[in-house]
1. Out of the residues in the stretch 346-367 meeting the condition of being in contact (Cβ under 8 Å) with a residue 40 or more places away in the chain and surrounded by fewer than 19 Cβ atoms within 10 Å (Cβ to Cβ), tell me which one is nearest to residue 266 (Cα to Cα).
2. Can you report the number of residues in the stretch 258-296 which are modelled with pLDDT of 95 or more and either out of contact with any helix residue (DSSP H, G or I) (no Cβ under 9 Å at 6 or more places or on another chain) or acidic (Asp, Glu) (or both)?
3. Could you list all residues from the stretch 124-135 that are under 18 Å from residue 91 (Cα atoms) and either within 25 Å of the chain's Cα centre (by Cα) or among the hydrophobic types (A, V, I, L, M, F, W, C) (or both)?
4. Could you list, in sequence order, the residues of the stretch 422-453 that are hydrophobic (A, V, I, L, M, F, W, C) and under 32 Å from the mean Cα position of the chain (by Cα)?
5. Using the structure shown, decide if residue 207 is under 27 Å from residue 12 (Cα atoms), surrounded by fewer than 23 Cβ atoms within 10 Å (Cβ to Cβ) and assigned by TED's automatic domain parsing to the domain that holds residue 237.
6. Among 92, 75, which is over 30 Å from residue 477 (Cα atoms), crowded, with 24+ Cβ neighbours inside 10 Å, more than 17 Å from the chain's Cα centre (by Cα) and of a type outside the set (D, E, K, R)?
7. Applying the selection to the stretch 303-315, what residues are surrounded by 12 or more Cβ atoms within 10 Å (Cβ to Cβ) and free of Cβ contacts under 8 Å to residues at least 60 places away in the same chain?
8. Where the second residue is within 12 Å of ligand 1 (Cβ to nearest atom) and not β-branched (Val, Ile, Thr) and the first is more than 15 Å from residue 288 (Cα to Cα) and outside the structural domain of residue 211 (by TED's automatic domain parsing) and lies in the stretch 224-236, which pairs have Cβ atoms under 9 Å and are six or more apart or on separate chains?
Amino acid sequence: MSNDKVLIFDTTLRDGEQSAGIGLTVDEKMEIAKQLERLRVDVIEAGFAASSPGDFQAVSAIAQEVRGPIIASLARCMSGDVDSAWEAIKNAERPRIHTFISSSDVHLMDILSKNPEEVLGMAISAVERARGYCEDVEFSPMDATRTDIEYLYRMVEACIDAGATTVNIPDTVGYSMPGEFAERIRLIRENVPNIDKATISVHCHNDLGNAAPNSIAAVIEGARQVEGCINGLGERAGNASLEEVIMTIDTRGETLGVSTNVDTRQIYRTSRLVSDITGFPVQPNKAIVGANAFRHASGIHQDGMIKGRTTFEIMDPQSVGWPSSTLVLGKLSGRAGLRSRLEELGYHLDESQIDEAFAAFKELADRKREVTDADLVSLMSSQRRQEDVGQIYSLDRVQVTCGNGEIPTATVRLTNPQGESITDAGTGTGPVDAVYEAINRIVGVPNTLTEYRVDAVTEGIDALGDVTIRIRQNSNTFVGRGSDTDIIVASAKAYMNALNRALAEMEEHHLPKGTVPTS
Ligand code: KIV
Ligand code: ZN
């Protein structure tokens, strides 16, 4: 393995959170940050401190608690932004301020309404101010791939002189192609006289599907930091998918002559956690982490795999922490067996968590003959969701009647925050609608259901159904997820999960039901 390292800069909590439809709480961001620490990324961009009080709080909390990776906050080239970035990260073990300003003509004219010299001056001042606080400063000329190259050289040189230790070249609109992007990095190396005083970073968006290839092309030309998001999240079509970049470097490291510091065995878990918390599913054919990434369907491929794994597999699934598909546990398995399998999957639980997991496992094993690793991962996700959001209202029973010529009718029993059991009934256009109506009558939080999706966790008629929903309350969106072998029950669990999030937000702001604040 080469000692020439490419630093992995994760921006799931900043650019990833900019994906339309994602809004994470401080606790959720912390949970992702802790998993990124286990993944051993080099830099976590924890947020954009000046953008909102919630972001400031999340960046500060992550800076206080997460050890190992550099913790960065984004800041526009404005003194107030740089000051709050520093305020938020100052307690980090290794703090970084990441300041940025647009550099392309179209952005200068249409967004900033400033001339190139004014913008250059703002960039220099921001970097100098950031350096006054912190030794580690990153500068990004936004929309660098559509920026006049001579101006780009000048800006990069001036910002390195002003103290930037990393210069990031973003393909903000995902316009570049690999050969072209590589050429731009090569030209920057050749024409910026002080470039050896800074690390070259790249930050590619995926509008044309080129984000990961562009990033690797830049590495070949000397970039030594790659920015991206888990599962390719990010603004519009997303950022470079970090798992793709990491595994390209891991698998083709000899050709590329570089390596990363990442613990690749944590990739699957990280992907799953991010998908779970954001409610953004991973497409089945997604490289590295999609459900089909290591599945061989055609006869010829299956035959090849029986003869030798490397016939059709370039990576060992275990190297990315893929759970094995072999049957591991069943109805007769005991607590110790469950604990040891969960540990192998990377879940280290305390006694009360094991008790809870074992009860859920037994319940599942009663209904499902074979409990696979994928089922266990799903059970762990449900448990995490309950611990995260808490159970302001909890679901005790759901019963529906529906069918041809019937009015779908549901009866639900919930336990309220005071511990009382409440039962009510509702009708709807279908069984899920009826269940939601009955729940609404009890909980009384007005909202609009904006998304409803069911996925199967494994194959087979007894598979767990995984339901993801989004509800909107004023301008806030809350994600809810639930799984069960019965998809009506899974739907009810997902709805309760989303409602409990909305209620937790109201409680935090001491608001009456129906008045979630806009953040
Ligand atoms: O895409 C982009 O240009 C950015 C910058 C803030 C680095 O996200
Ligand atoms: Zn971006």
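1. 346
2. Residues in the stretch 258-296 being modelled with pLDDT of 95 or more and either out of contact with any helix residue (DSSP H, G or I) (no Cβ under 9 Å at 6 or more places or on another chain) or acidic (Asp, Glu) (or both): 2 in total.
3. Result: 130, 134.
4. 432, 435, 439, 443, 445, 449
5. Answer is yes for this residue.
6. Answer to the selection: 92.
7. 303, 304, 305, 309, 311, 312, 313
8. Qualifying pairs under 9 Å: none.
The values are calculated or read from the model by the stated rules, or taken from the named source; none is laboratory data. As the structure is a prediction and not an experimental result, all values here were calculated from the model. Using ideal geometry, Cβ is built from the backbone for each residue, glycine included, and neighbour counts are taken over all protein chains shown.
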